[in-house]
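The values are calculated or read from the model by the stated rules, or taken from the named source; none is laboratory data. Please read all numbers here as calculations on a predicted model, not as lab measurements. Methodologically, a virtual Cβ is constructed for each residue, glycine included, from the backbone with ideal geometry; neighbour enumeration extends over all protein chains shown.
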Amino acid sequence: MSSQPPFGPETSHIQSAVVNAPGVPVIRNVNWGGLRTLYIKEVRRFFKVQLQTIWAPAIQTLLYLIVFTVAMGGRSAVHVGGTQVAFADFLAPGLIVMGMLTNAFANASFSLLVGKIQGTIVDYLMPPLSTAELLAALVGGAVTRAFCVGFAVWLAMLVWPGVHVFPHHPIAILWFGLLGATFLALLGVLTSIWAEKFDHAAAVTNFVVGPLTLLSGTFYSVDKLAPTFQAISHANPFFYIISGFRYGFLGTADSPIWIGSIVILTIDVALGLLCYALLKGGWRLKN
């Protein structure tokens, strides 16, 4: 009685033909189609309610500018990097990037969290997307919303009398805007992974993002602070984002631009790796 191996050359050939059958899509590298689809979905989600997600933050930020310039009388000046700048011109760039940061966090902290609460998290985990592609789409949607808000605020301030927001270094504006929006988007993704209800995300907004943004030199120059508080301000990553973004409009900054760029880029890489590891492991997502 002769026996043949269950998996001979003919069987292997058949299996290979089945795997590589014509018309069967095989994703070998990056799933660009899936990545684009999820990114568009994230953008459409906030764009459908653009009155709430884009124009309302723009109007709120413009009101900050009006209130503070009126309270200061419109005649005060601030010293930035040894240069005297009108208070309104000093305040405007900080408010623009502050609106970008808060909205990048709000967008990124919503997607996975609402999926966990409503039970639709499977829509993010089951499609043929790698962890890096999922993270890139979530962060990309948040960064897009941040730049939409920043552009809307800039347009409003551009026509507001007494405020000069003409870019001096557009590359610095785009670079620090991108670094800052990515930083808050990754922080938002991390929050949405950790949070189990909306109260948790709101706590991070109220006790982390809000205070760090307001105490980062948006409304004042850190040069006027006592040495101890200057050191505390320089330990705040939001300070480097706002200082670098303001440099793009004023041509001067409270700290060296290259230091701020390295600090925020390092934080972005670290947060990106952490979010990747948590998403890949399914922490608080698959349990």
Using beta carbons and a limit of 8 Å, which pairs, at least six apart or on different chains, have the first residue in region 210-236 and at positive phi and in contact (Cβ under 8 Å) with a residue 40 or more places away in the chain and the second one surrounded by 12 or more Cβ atoms within 10 Å (Cβ to Cβ) and assigned to a loop (DSSP other than H, G, I, E, B)? GLY217/ASP254
Against the condition under 27 Å from ILE241 (Cβ atoms), of a type in the set (S, T, N, Q) and not in a helix (DSSP H, G or I), how does GLN84 come out, does it pass? yes
From LEU212, LEU265, LEU225, residue being in contact with a helix residue (DSSP H, G or I) (Cβ under 8 Å, 6 or more places away or on another chain) and over 30 Å from THR69 (Cα atoms): LEU265
With of a type outside the set (A, V, I, L, M) and touching a helix residue (DSSP H, G or I) at 6+ places or on another chain (Cβ under 7 Å) as the only criterion, which of PHE176, PHE207 stands out? PHE176
Scan (1) without any contact (Cβ under 8 Å) to a residue 24 or more places away in the chain; (2) buried (at least 19 other Cβ atoms within 10 Å of the Cβ) for the single condition ALA77 breaks and write down its number. (2)
Of the criteria (1) modelled with pLDDT of 95 or more; (2) farther than 28 Å from THR69 by Cα; (3) not acidic (Asp, Glu), which one TRP175 fails: (2)
Which fully enclosed helices (runs of 4 or more DSSP H) of region 194-287 have 3 or more residues being β-branched (Val, Ile, Thr), surrounded by 15 or more Cβ atoms within 10 Å (Cβ to Cβ) and modelled with pLDDT of 90 or more? 257-281
Restricted to region 25-55, and to residues that are within 17 Å of the chain's Cα centre (by Cα) and aromatic (Phe, Trp, Tyr), which residue is modelled with the highest pLDDT? TYR39
Which residue out of ALA146, ALA202, ALA152 is free of Cβ contacts under 8 Å to residues at least 12 places away in the same chain and within 22 Å of PRO57 (Cβ to Cβ)? ALA202
